[in-house]
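The values are calculated or read from the model by the stated rules, or taken from the named source; none is laboratory data. Remember, it's a predicted structure, so these values are computed and weren't measured experimentally. Cβ sites come from the backbone with ideal geometry, for glycine too, and all protein chains shown count toward neighbours.
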Amino acid sequence: MEKVVLSGNEAFARGAWEAGVNIAAAYPGTPSTEILENLVKYPDVYCQWSPNEKVALEFAAGAALAGARTLACMKHVGLNVAADPLMTLTYIGIKGGMALIVADDPGMHSSQNEQDTRHYARLARAPLLEPSDSEEAKEYIGLAYEISEQFRTPVILKSTTRVSHSKGVVAIGERKPHKADGYEKNPQLYVPVPIYGRKMRVALEERFQKLQEYACAMPQNMIVERSNDLGIITSGIAYQYAAEIFPEASFLKLAMPFPFPDDLIIKFSKTVKRILVVEELDNFLEEHVRSLGIAAEGKKYIPGIGELSLDVLEEARKKFEGKTDTAKPAVKPAPKVPPRPPVFCPGCPHRGVFYEISKLKPVVIGDIGCYSLAVFPPLSAMDMILCMGAGISSAHGAQKADTGQKIVGVVGDSTFFHSGITGLLDIGYNKGKLVIFVLDNRSTAMTGHQEHPGTGRTLMGQPTHRASIEAFARACGINRVVRVDPYDLPKLRKVIKDEMDADEASVIITEAPCILIDHSRVKEPMRIDPDECKSCGLCLKLSCPGLEKKEVSGGKFKVEVNPVLCRGCELCVQVCPFGAIKKQGEKS
């Protein structure tokens, strides 16, 4: 077999294609985004971005019930959105194979929380596979379809940021075509009204017992025999770290940590004197091993917060051996690294919006997207973020608390279509009185500029209907809907003030494409006339990387334009009260 170097996400895509997957759906979210971006490159697979993760899972489930092999992908917080269909899908089961890849983000590299997807597997009674590298990512997705079709159940594959984005050598093969053979009409099997659902519940438990037996017998759940002094139970990326830090130990490496392979765990425990459970985030395995009456240790030494690493496990080993009292924190500060605060890109259309909002000092309820960066000084224009769509729903709740404060909510265009519409419907229906900003930059920008229902293009590159934010807003009962160019600060300022003073709900749509995908607004860099600049620092409140503060003698400073970073958006020109910032060639 040919061998290539692939990231975990590339390997998932390759494995799905080789396994004959017919249909795949996802909502982009780091660290899972690149799976579908790579799968769409292969022939014979229909791929789509869905409006949200719930829709993606339901879409994949429907296709699987028609006999297709299907795939749904999302990050860990996306599974919260898709949990509703997942909990019932394990009851009714599926016909074709169905895999659900969920990428966790220990260490919160690009997420608002840490979650352990294994808990969802237990709650839904769904088998879960956990690859530890790219080779296993490719292998296990093929295994997932075998298990799925054998037991008529969706199978979860749990990845992490480290597995998804690290690269390794992968042996690739050929595609094994799969053809959907049609939907099977059987209401007693697929319609979980109570009279049928109670029987499904019993069947689910019977299936689960068989899956547990399968987990004990599958060769991928394997015992690696070395010293009998120490045995380590582990799975996923944690195995890679543990194998390096504890090379002498015996291992129970679990490719499928759920259902718990009890017989295999008990068998392993009898071969070693001491057991250490090494797992990332929660004590999922450790808790169960101890419930079997087996003396096991884990979180006493292994941090339950943040991403594991060799350094973290090295410190954990010292503590395990009694050489130190405290484990090293999961995330170490990097020494001697200049601070690099996250900011909007030069020329970003969101910058002027938050600059103008910040001057009015309302309570700003935000959402998940690039605009989260507005929380940082000097803009300081974000007061709370919860989850996707809450920039509308939670803002409405804050307004209904009737504190007398001005409340605004902020979402992006992709987030609006993901989960913002129902919140806006709530505002229209329940007569909310607040301003909702929809920052329409024609892209799911934060995760890499993916398409969505408002861009007019599909994942497969086909032109399609472009959903109208304005039409949705009016359909939700919002009478005041205003579109404005976010680069036109005087007009933007007036619109924001007028709408915040209105006695009814309002939607302000700021419409300008992301500067990274549409260069039509990129112009020659600005310049600052040193004779006219008063060093007031007002332009610096834009938080633009193209404007740099330079210290001079006597504690004073001057502002310079970095021509490499400046995109010529002219926001600073509109902000400067002295006319000191000019276009190239413009006379002083």
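Identification of strands (runs of 3 or more DSSP E) wholly contained in the stretch 1-60 with 3 or more residues that are touching a residue at least 40 places away in the same chain (Cβ under 8 Å) and over 22 Å from Glu136 (Cβ atoms) yields 46-49.
On the stretch given as the stretch 191-228, residues that are assigned to a loop (DSSP other than H, G, I, E, B) and closer than 21 Å to Ala126 by Cα total 7. Among the residues of the stretch 350-376, those that are in a loop (DSSP other than H, G, I, E, B) and touching a helix residue (DSSP H, G or I) at 6+ places or on another chain (Cβ under 8 Å) comprise Pro362, Gly366, Asp367, Ile368, Gly369.
Quick one: in the stretch 118-147, of everything that is in a loop (DSSP other than H, G, I, E, B) and touching a Leu at 6+ places or on another chain (Cβ under 6 Å), which residue is surrounded by the most Cβ atoms within 10 Å (Cβ to Cβ)? Taking the candidates together, the pick is Pro127.
Residue-wise test of (1) closer than 20 Å to Thr160 by Cβ; (2) buried (at least 17 other Cβ atoms within 10 Å of the Cβ).
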{"position": "Pro259", "(1), (2)": "no, yes"}
{"position": "Leu264", "(1), (2)": "no, yes"}
{"position": "Lys270", "(1), (2)": "no, no"}
{"position": "Asn283", "(1), (2)": "yes, yes"}
{"position": "Gly293", "(1), (2)": "no, no"}
{"position": "Glu307", "(1), (2)": "yes, yes"}
{"position": "Leu310", "(1), (2)": "yes, no"}
{"position": "Arg317", "(1), (2)": "no, yes"}
{"position": "Pro338", "(1), (2)": "no, no"}
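When Arg118, Arg122, Arg162 are checked against the criterion of being more than 20 Å from the chain's Cα centre (by Cα) and basic (Lys, Arg), a single residue qualifies: Arg122.
For Lys253, the requirement of being of a type outside the set (Val, Ile, Thr) and over 28 Å from the mean Cα position of the chain (by Cα) is not met. How many of the residues in the stretch 531-548 are part of a loop (DSSP other than H, G, I, E, B) and either touching a residue at least 24 places away in the same chain (Cβ under 8 Å) or surrounded by 14 or more Cβ atoms within 10 Å (Cβ to Cβ) (or both)? Counting residues in the stretch 531-548 that are part of a loop (DSSP other than H, G, I, E, B) and either touching a residue at least 24 places away in the same chain (Cβ under 8 Å) or surrounded by 14 or more Cβ atoms within 10 Å (Cβ to Cβ) (or both) gives 10.
Scanning the stretch 173-195 turns up at least one residue that is among the aromatic types (Phe, Trp, Tyr) and assigned by TED's automatic domain parsing to the domain that holds Ala144.
All of Tyr371, Tyr429 fail the test of being under 21 Å from the mean Cα position of the chain (by Cα) and either hydroxyl-bearing (Ser, Thr, Tyr) or surrounded by 24 or more Cβ atoms within 10 Å (Cβ to Cβ) (or both), apart from Tyr371. Here Val507 meets the list (1) more than 30 Å from the chain's Cα centre (by Cα); (2) assigned to a strand (DSSP E or B) almost entirely, failing just condition (1).
Restricting attention to the stretch 556-588, the residues that are surrounded by 13 or more Cβ atoms within 10 Å (Cβ to Cβ), hydrophobic (A, V, I, L, M, F, W, C) and under 19 Å from His519 (Cα atoms) add up to 5.
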